[in-house]
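The values are calculated or read from the model by the stated rules, or taken from the named source; none is laboratory data. Small disclaimer: the values here were computed from a predicted structure and weren't measured. As a convention, Cβ positions derive from the backbone with ideal geometry for all residues, glycine included, and neighbour counts pool all protein chains shown. Heads up: the accessible areas ignore ligands, DNA and RNA and are worked out on the full protein's heavy atoms, side chains in. Shrake-Rupley method; radii C 1.70, N 1.55, O 1.52, S 1.80 Å.
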Amino acid sequence: MKNNFIYITLIIISCTLVSCKGQKDQNNNKSTMNINNKENAPYNIYKDGELEINYDKLIIKNKEQIENEFNKFNYQYPSLNLFIEKIKYYYGVNIDKYKENIVVLDQSLSPVIAIKNLPALYVEDIKGDIDGLTLLHYNQFIFCDNKSSLEWLKKERPDLIIELVKTFGFDKNNTILKYAFSNTNFRNKFAVKELIFEERNHTYILREHLVDKIREIEYNKQIINAFSETIQGDFYYTLSDIIKDIADTPNDYKNNEYSIAFLLNELALSGITGYIDYFYENYPFYKKNILNNDFYNFKMLKKYTEKVYENNDLEAMYYIQDPDGFTNLRKEKNSKSEIVQQIKNGEKVEVLNEEGKWWLIKTQKEKQGYVYYDRVKVK
């Protein structure tokens with residue numbers, strides 16, 4: 001009896017949320033392209049070694065059950081035109097160009113699947129099963145802009161909201177972006193890489209628009225006014241690891257040289273210039289390429305290179321700058337190591353080794369030890 005009561009209550013509550021009234025397009029409800037001119041959907045069959053999943057067969061087998069789940073809540077399906085347009089808006093995929101009724105939107109084991117002849121989106125629940133509430137709220141959010149469904153997804157299935165940004169590169173709603181960014185560990189190279197790169201056919205493609213959105217939303221569009229300043233933020237420090245990855249494995253990245261220049265420019269805009277120096281010294285091929293391509297028109301990177309870096313190649317003067325007014329000289333390359341000395345802002349230091357993120361330096365008191373690289377500036 002208790003389960004029956006919960007089930008009836010869910011139906012009553014959900015029925016107040018299901019309508020897409022006002023959004024349903026009553027005009028032409030048919031796709032406009034001739035079937036003979038349409039393409040085959042690229043991700044409908046998933047292969048990974050011996051594993052192979054045919055999503056066409058999977059959806060056909062379960063379509064009746066999927067439809068029954070929607071019917072439990074009297075869900076009102078959008079028109080086909082609205083269905084196509086919303087998928088294009090959120091996922092960047094024009095499903096109208098594919099001949100199949102079933103179109104898998106991403107290449108994964110748990111993809112988002114568009115079913116034209118319902119029309120509805122199919123996503124599994126966290127256990128890999130067919131779940132009516134998940135289907136209801138996900139479709140209401142996408143096609144009805146239902147705020148209650150968005151809140152339900154944030155609580156029960158945050159991964160479905162975050163993947164709009166991480167998997168599909170969605171950038172048209174700052175509320176969604178802020179939620180995705182707040183659930184990203186910007187100190188983690190792999191998490192940042194997953195966010196700002198699209199992986200297609202085992203090749204990484206830089207999503208510049210998301211890098212721009214991170215600066216806009218997480219850092220209030222801040223850029224430095226002088227190279228003696230620094231924007232403190234885990235995201236920009238992590239970019240140095242990603243730049244090194246691109247330089248070390250260039251075949252894994254599309255437009256690798258341009259991508260390096262773009263990200264170096266982001267460091268220049270943020271005042272994290274110590275890594276630019278390190279990169280130029282250790283990757284002279286890329287430095288030459290950047291110069292030969294006039295910095296790909298990235299003005300801040302050009303300004304730093306020509307006015308600061310090149311003028312200090314022979315007599316670079318390094319000094320300390322830290323938001324706390326001083327920085328700690330450490331015995332080892334980590335923040336928990338023994339403190340050898342506290343160095344005040346503006347104090348000159350000699351850089352002995354610029355490898356990695358912990359630089360070996362010598363102070364005016366002849367003390368040697370390690371400081372985090374972004375605390376060291378150059379004049």
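Brief remarks follow.
- For segment 335-379, the set of residues classified as of a type in the set (Lys, Arg), within 33 Å of the chain's Cα centre (by Cα) and open to solvent by 70 Å² or more (accessible area, probe 1.4 Å) consists of Lys336 only.
- Being touching a Gly at 6+ places or on another chain (Cβ under 9 Å), within 14 Å of Ser240 (Cβ to Cβ) and of a type in the set (Gly, Ala, Ser) is a description that does not apply to Ser337.
Residue-wise test of (1) touching a residue at least 12 places away in the same chain (Cβ under 8 Å); (2) touching a strand residue (DSSP E or B) at 6+ places or on another chain (Cβ under 7 Å); (3) under 25 Å from Tyr372 (Cβ atoms).
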| site | (1), (2), (3) |
| --- | --- |
| Asn256 | no, no, no |
| Ala261 | yes, no, yes |
| Leu267 | yes, no, yes |
| Lys288 | no, no, no |
| Phe295 | yes, no, no |
| Lys302 | no, no, no |
| Thr305 | yes, no, yes |
| Tyr309 | yes, no, yes |
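- Selection of first residues in segment 70-92 that are on the phi > 0 side of the Ramachandran plot and of second residues that are assigned to a helix (DSSP H, G or I), restricted to Cβ pairs under 9 Å at least 6 apart or on distinct chains, gives the following pairs, ordered by first then second residue: Asn74/Ile11; Asn74/Ser14; Asn74/Cys15.
- Among the strands (runs of 3 or more DSSP E) confined to segment 49-141, the ones with at least 2 residues that are of a type in the set (A, V, I, L, M, F, W, C) and either closer than 21 Å to Glu156 by Cβ or more than 24 Å from the chain's Cα centre (by Cα) (or both) are located at 51-54, 113-115, 120-122.
- Within segment 227-248, the set of residues being within 30 Å of Gly325 (Cα to Cα) and open to solvent by 40 Å² or more (accessible area, probe 1.4 Å) comprises Ser228, Glu229, Gln232, Asp234, Asp241, Lys244.
- Matching option when the condition is touching an Asp or Glu at 6+ places or on another chain (Cβ under 7 Å) and under 21 Å from Ile205 (Cβ atoms), among Tyr278, Tyr286, Tyr319, Tyr258: Tyr286
- Those residues of segment 117-155 which are under 27 Å from Glu199 (Cα atoms), at pLDDT 95 or above and open to solvent by 30 Å² or more (accessible area, probe 1.4 Å), in sequence order: Lys154
- For segment 306-322, the count of residues that are surrounded by 17 or more Cβ atoms within 10 Å (Cβ to Cβ) and part of a helix (DSSP H, G or I) is at least one.
- For segment 142-165, the tally of residues that are outside any loop (DSSP other than H, G, I, E, B) and under 22 Å from the mean Cα position of the chain (by Cα) stands at 15.
- Number of positions in segment 249-260 that are in a helix (DSSP H, G or I) and either open to solvent by 80 Å² or more (accessible area, probe 1.4 Å) or touching a helix residue (DSSP H, G or I) at 6+ places or on another chain (Cβ under 7 Å) (or both): 7
- Looking only at residues in segment 262-283 that are of a type in the set (A, V, I, L, M, F, W, C) and closer than 20 Å to Ala226 by Cα, the one that is surrounded by the fewest Cβ atoms within 10 Å (Cβ to Cβ) is Phe262.
- Test: Asn68 is within 15 Å of Leu118 (Cα to Cα) and open to solvent by 40 Å² or more (accessible area, probe 1.4 Å): yes
- If you go through segment 38-55 and pick out every residue that is open to solvent by less than 40 Å² (accessible area, probe 1.4 Å) and without any contact (Cβ under 8 Å) to a residue 60 or more places away in the chain, you end up with 1.
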